[in-house]
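Here the structure comes first, spelled out in C-alpha cells, and everything after it is commentary.
Just so it is clear, none of the values below were taken in a lab; they were calculated from the coordinates. Quantities reported herein were computed from a predicted structural model and do not represent experimental measurements. So basically every Cβ, Gly included, is an ideal-geometry build from the backbone, and we count neighbours across all protein chains shown.
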Amino acid sequence: MTRYLLRRMAILVLSLLLAMLAIFVLLRALPGDPANALLSVQATPEQIAAARSQVGADLPLFEQFVNWFRGMVSLDFGNSFISTLPVAPEIVSRLAVTIPLTLLAFGLAFALSLAVGFIAAHKSDRWYGVALSAFSQLAIAVPAFWVGILLIATFSLKFRIFPAGGFPREGWADPGAALAHLALPVLTVALVMTGSLSRYVRSATLDVLGSDYLRNARAMGSTMGTAMIRHGLRNGAIPVISILGIELATAFLGAVVIEAVFALPGLGSMLLKAIAQHDYPNIQGILFVSTLAVLVIGFVADIAQRLVDPRLRHSAGAA
Amino acid sequence: MNLLEVSSLRVMSPDGVYRVRDVSFTVAPGERLGLIGESGSGKSLTAFAVIGLLPAGLQATGSVMLGGTEVVGAPEKSLVPMRGRLCSFIFQEPLTALDPLMRLGRQLAEPIARHQGHRGSALKRAVLDALDEVHLPEPERIANSRSYEISGGQRQRVAIAMALACRPKLLIADEPTTALDVTVQAEVLALLDHLVGDRDMAMIFVSHDLAVVSRMTDQALVMRSGEAVEKGSIPNLLASPQHPYTAEFAAGARRTEAAFAAALAQARPE
Amino acid sequence: MTGANRPATSAETTRDGAVPSGGRARNRRSLALIVGLVLVGAIALVALLSIFWLPFDPSDTTGGRLEGPGLAHWLGTDRLGRDLFTQVMIGARIALVAGIGAVGVGAAIGMPVGLSAAFAAGWVDDTMSAAMDILIAFPVLLLAMLIVAVQGASLATVTVAIGLSMSAIVARLTRVVAKRVLAQQYITAARTSGTSWLSIVRQHVLPNIWPTVSVNLASQFGVAVLAEASLSYLGLGAPPPNSSWGRLLQEAQSTVVTAPLGAVAPGIALVALVIGVNLLIDGLRDIADPIQN
C-alpha cells in the first residue's frame, strides 16, 4: 500500500508539472498580445515594446516559463498585468470564499443525496420514493444559475431572509455575516449536485438490495437492517466514492457561474475577469491552483477507493 | 408433524405472469425432496418462497407453513427468527452469495455467533471447526481470505459451512453444484450428503439435473412452467414416468448419468 | 462494477433474459417516450417556426418596458421594451442549434479519434487515453471561456467550444466500445477471409458501436444546451437581439421580482428541453441500446 501511495504521489507531481507546462503553452498559443491590455488603441510601436518588456513578454518563451516556474515553487505567482498587484495573495483571499462555498455545498449535497438516493431505491414502490426519483431527474436538467436566480427572488427579495449577493468586506471576521452571504449559493450548488449524486446513490442501493450476499445474510437469519449495515454499506460505497471525487472537482471548477449569479468575490469571478483582460499571470495562477485542487481531490478519492475495496489493492495499475 | 407444508403456492411477477402455479408438497423431518425442472420452471422461486426471500416485485399467495408458522404474507419480524435456525439456504453462485469485501472468517462468524452464541476466542475456534467440518484444508488461511481468492469448490464449501452453522432443521440447496466444475461437483455433493445425513436434516434439493438429484434425494417433484407435473420416488419417476414430460427428463438424465459416472471415477483417487 | 461481465445473481437467473421486463417498467417507458416527444416536439416546432414568423421584430423596443403578459405581448416585455415571447422563440432556435451543433462537433472529432485509438495499441493507445482523460477533466466551461475570450462571443464560437470539450468524452467511449467490438470473433473471421480494415469498420465496427455511442451523444445534447445557457449567462454567448435563453435570464435577473415572467419563462423552457430529451432517451432505451441494459 505504501508503495502505491508513493507511486501515486509521484504521478500527482508529474501531472502537475505537465499541467503547468500545458497551461503556459496554451495561454501563449492564444492570439492577443498581453501588452494590448495595458495600452490604449493608438499606441506607438515604442510604447508597445516598452509595455512588453515591462511585462516580460519580450523574453524567449523558455525563459519566461523557467521564470514563472521558479516563482511558483517559491510561492511567488508573479504580478497581474493589469493591476500589477501580486497574484498569490489575491488568489488566497478569493479562495477564502470559494473553498468554504465548495465544501459546504458538497457536504450538504452528500447528506441530501444519501437520503434521497437511498429512499428512492428502497421505497421505489411508494409515492415519495417515486417523487424523490423524479426530483433527481429534474435537478440534473436545471441550469444552476437559474436555481440561483429563483432562490434570490424568493429568499432575498421576497422574504428578506438572506442577502441577495456579495460578500462582507471584512471577510470571515464576522462569520455570521459571511455564512449568511454564502447560504443561498451553497443551497444552489447543493441542490444541483444532489440531482446527479443521488442517482449514483440510488443505483448503488439498488445493486445492494438485489444482491445475493444480502439475501444470503438474511437467509442466515440477519434482519434487513443489520445485513444492509454489515454488508451493504461498504459494497454500496464503492461506486459512490468514485463519483464523489469527480463531483467535488466539478463543483470547485463550476463555481464560476455561481459566483457570477451572487456577485461573490471568489476564484471564479477572478478568472472570468482575467480571461477577458488577457491577464496571463492571473490566469496562470488560477489555473494552477484549480489543477492542483482537482489533482489532489482525485488522489484522495483514489486512496479512499483502495481503502474501501480490497480487490483494488491487488491490481498493479492506476485505475 | 411436517416440517414444511406448501399448499397451492403461487408466485406472480410484476407483469402479471404466474411463475409458480398451484404447487403443493410436504417435507417431514429428515426427509429429502428434489425439485427438478428446466430453467424457468419456477423451482428456484419455490425455494425462495419457502424461506420468504423472493426477489423484489414477486408476490406469493397460497400457504407455506414452516415449522407451524405461515410464511406467505408474514411480516419480516416473524420470519427473521426462523431463518437460519429452522431453515437455511445455499445459493447457486457462491461468488455472489458471499460478500466480496469481507474476509470469509468474519462472514462465517456472523451466523455462528447468532445461532451458537459463541464470543471471542471461542467464536474463532468455532469458525475454524466449521471450516474443518466441510473438509477445507488450511482453515486459517481460508478464514483470512476473501471469496475471490479461493476456488469455486472451496467457496461453496464455505457457503455450506455458513448454512450449517445455524444448525437448521431444513436445508434448501438451490443448484449448489451447477456453477462448479464437474469433478468438483461430485466431491461437494458427497460432502453435502454426508453432513445432511449426519445431522438428520431435512433437505430440499433444487436442480435441473435429474442424475444429481437422484444421487441426493429419494423423492422428487418435477416442475415445468411453474406447475408441479409429477411427484414420486426417483426410481419410479425414472422407470415408469406417468407424465410425458417426466419421460423426456428421464431420458436426458440417462445420457448425463454416463458422463457423471465417468467424472466420479476420475474424482475418486484422492 | 455493474456491467455485462459479472456473474449473475440468483434474482437474475430466475428471470428469463435481461432487465426490467414487466408491464410496469414498460408502461413507465412509454410514458417517458410520449412526454419526451411532446416536450421536444413542441420546442422544435417553435424553433422551426421562428425562422419564418415571429410575433414581433426582435429589435422592436416599442412595447413599453417590463409589461406583464397581455393580448399584445403574450409573455410581456423585457426591460428594453422587446417582446418576450419573440425572444423565447428565438432562444429555442438557438438552443437547438447549439445543442445539435455541439454534439455534431463532438461526434465529428471524437468518433474518428476514438476509433483510431481503438486500433492503436501499446504506448500510442496509452498516450491517447491519457490525453482524453486530461481533456475530460478540464471543465467544459473553462475551455469554452478561453476559446470565446480569444474568438469573441458568438453562437458559432460557443457551439464549437462546447463541442470540442465534449469530443473527449465521445472519443473515450468510442474507444472503449470499439475495442470491445474489435475483440469479437466475427472481426477475426472477417480478417481471415480477406476483408479490408476499411470495410470491417464500415460493416462491423460502426453498426455495433452506434447504439451505445448514439445514446451517449443524445445525453450530451442536454449537457450542451445547459453549457450554452451558462456561457450566455456569463455574457460569452450570442449577443442580443438574437439572445439565447441563458442571456435572457441574465438580463431579467435584476427585475426578477417586478417582472418575474422574464426570469421564469426562459428557465422553464430550458428545463423542458433538457428533461424532454432525457425522457426521450429513457423511452427509447430498449430500441436504441439493448447492450447497455
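If the cut-off is a Cα-Cα distance under 17 Å, which aspartates and glutamates reach B:Lys124, setting aside same-chain residues fewer than 8 apart in sequence?
B:Lys124 reaches B:Glu110, B:Asp132, B:Glu133, B:Glu138, B:Glu140.
Report the per residue volume, in Å³, of the convex hull enclosing the C-alpha atoms of region C:156-293.
Values: hull volume 16.8 nm³, N = 138.
It is 122 Å³ per residue.
How far is it, in nm, from the label point at C:Arg180 to the one at A:Leu59 when both lie 7 Å from their Cα along the line to the Cβ?
Rounded to a tenth, the inter-label distance reads 5.1 nm.
Rounded to the nearest 20 debye, what is the charge dipole size of chain B about its Cα centre when +1 sits on each Lys and Arg Cβ and -1 on each Asp and Glu Cβ?
600 debye
Using θ = phi - 60° and the Karplus relation 6.51 cos²θ - 1.76 cosθ + 1.60, list the HN-Hα couplings for region B:212-221 in order, rounded to whole Hz, with x at every Gly or Pro.
5, 5, 5, 6, 9, 10, 9, 10, 8, 10
Indicate the gyration tensor shape class of region B:95-209 (rounded, prolate or oblate), computed on the Cα atoms with a ≥ b ≥ c the square roots of the eigenvalues: a/c under 1.5 is rounded; otherwise a/b larger than b/c is prolate and the rest oblate.
Numbers: a/c = 1.80, a/b = 1.24, b/c = 1.44.
Oblate is the answer for region B:95-209, as a/c is 1.5 or above yet b/c matches or exceeds a/b.
Say R0 is 41 Å: what FRET efficiency, to the nearest 0.05, do C:Phe119 and A:Leu5 get from their beta-carbon distance?
0.70
Using DSSP, restrict attention to beta bridges with both residues in the protein assembly as shown and report what percent are antiparallel, rounded to the nearest 5.
Taking every DSSP beta bridge within the protein assembly as shown, about 55 percent pair in antiparallel fashion.
Could you give the distance between the Cα centres of region B:123-186 and region A:158-187, to the whole Å?
Taking the Cα centre of each part, region B:123-186 and region A:158-187 sit 60 Å apart.
Treat every Asp and Glu Cβ in region B:193-261 as -1 and every Lys and Arg Cβ as +1, leave all other atoms uncharged, and give the resulting dipole magnitude about the Cα centre to the nearest 20 debye.
Charge dipole of region B:193-261: 160 debye, to the nearest 20.
Once amide H atoms are built 1.01 Å from N in the peptide plane, which residues 5 or more positions from B:Phe89, or in another chain, come under 5 Å H to H?
Amide H neighbours of B:Phe89: B:Ile172.
Can you give me the distance in nm between label points at B:Ala261 and C:Ser254, each placed 7 Å from the Cα along the Cα-to-Cβ direction?
Distance between the two pseudo-spin positions: 9.6 nm.
Between A:Phe69 and C:Arg79, take the C-beta separation as r, use R0 = 35 Å, and let me know the FRET efficiency to the nearest 0.05. Let's see the in-between values first.
Details: r = 48 Å, r/R0 = 1.38.
Once the sixth-power term is evaluated, E becomes 0.10.
Mind sorting B:Val229, C:Val35, C:Val213, B:Val222 by how few other Cβ atoms lie within 10 Å of their own Cβ, fewest first?
The order, fewest Cβ neighbours first, is C:Val35, B:Val229, C:Val213, B:Val222.
Which pairs in the list B:Lys77/B:Lys169; B:Lys43/C:Lys179; A:Lys123/B:Lys169; B:Lys43/B:Lys77 are over 29 Å apart, alpha-carbon to alpha-carbon?
On the way: B:Lys77/B:Lys169 20 Å; B:Lys43/C:Lys179 40 Å; A:Lys123/B:Lys169 34 Å; B:Lys43/B:Lys77 26 Å.
Listed pairs above 29 Å: B:Lys43/C:Lys179; A:Lys123/B:Lys169.
With labels modelled as points extended 7 Å from the Cα through the Cβ direction, what inter-label distance (nm, one decimal) is found for A:Thr226 paired with B:Glu76?
The two pseudo-label positions are separated by 1.3 nm.
List the residues, sorted by chain then number, that are 5 or more residues from B:Leu35 or on another chain and whose placed amide H is less than 5 Å from its amide H.
For B:Leu35, whose amide H was placed from the backbone, the distant partners under 5 Å are B:Phe205, B:Val206, B:Ser207, B:Leu221.
Shape of region B:1-97 from its Cα gyration tensor (a ≥ b ≥ c, root eigenvalues): rounded if a/c is under 1.5, otherwise prolate when a/b > b/c, or oblate?
rounded
Can you work out the Karplus-derived ³J(HN,Hα) for every residue in region B:187-194? Use 6.51 cos²θ - 1.76 cosθ + 1.60 with θ = phi - 60°, whole Hz, and x for glycine or proline.
Values, residue by residue: 5, 5, 4, 4, 4, 4, 4, 5 Hz.
Per residue, how big is the convex hull around the C-alpha atoms of chain B? Give it to me in cubic angstrom, could you?
On the way: hull volume 35.2 nm³, N = 270.
For chain B, the hull spanned by Cα atoms encloses 130 Å³ per residue.
Can you tell me the length gained on complete extension of the stretch C:Phe52 to C:Trp210, counting 0.36 nm per residue apart and subtracting the Cα distance?
Details: separation 158, 0.36 × 158 = 56.88 nm, distance 3.45 nm.
Full extension of this stretch gives 53.4 nm more.
Which whole number gives the average count of other chain Cβ atoms within 10 Å of the Cβ atoms across peptide B:99-107?
Mean shielding count: 5.
Loop only per DSSP, at most 13 neighbouring Cβ atoms within 10 Å: give me the trypsin sites (Lys or Arg not before Pro) in region B:97-149, ordered by residue number.
Sparse-neighbourhood loop trypsin sites (Lys or Arg not before Pro): B:Arg119.
Rounded to the nearest angstrom and ordered from largest down, what semi-axes does the equivalent ellipsoid of region C:71-150 get from its C-alpha gyration tensor (root of 5λ)?
43, 15, 8
Please report C:Trp245, C:Trp123 as a ranked list, fewest other C-beta atoms within 10 angstrom at the top and most at the bottom.
C:Trp123, C:Trp245
Along the charge dipole of region A:186-287, which of A:Gly221, A:Leu253, A:Ala190 sits closest to the positive end, that is, farthest toward it, with unit charges on the beta carbon of Lys, Arg, Asp and Glu (+1, +1, -1, -1)?
The one lying farthest along the dipole's positive direction is A:Gly221.
Treat the count of other C-beta atoms within 10 Å as a stand-in for reagent exposure and order A:Trp146, A:Trp172 from fewest to most.
A:Trp172, A:Trp146
Given charges of +1 on the Cβ of Lys and Arg and -1 on the Cβ of Asp and Glu, with all other atoms neutral, how large is the dipole of chain C about its Cα centre, in debye to the nearest 20?
720 debye
What does the extension gain come out to for A:Ala111 and A:Ala131, with contour length at 0.36 nm per residue minus their alpha carbon separation? Kindly include the intermediate steps, with their values, before the conclusion.
Details: separation 20, 0.36 × 20 = 7.20 nm, distance 1.80 nm.
Value of the extension gain: 5.4 nm.
Report ³J(HN,Hα) in whole Hz for each residue of region A:16-21, in order, from the Karplus equation J = 6.51 cos²θ - 1.76 cosθ + 1.60 where θ = phi - 60°; Gly and Pro get x.
After applying 6.51 cos²θ - 1.76 cosθ + 1.60, I find 4, 4, 4, 5, 4, 4 Hz.
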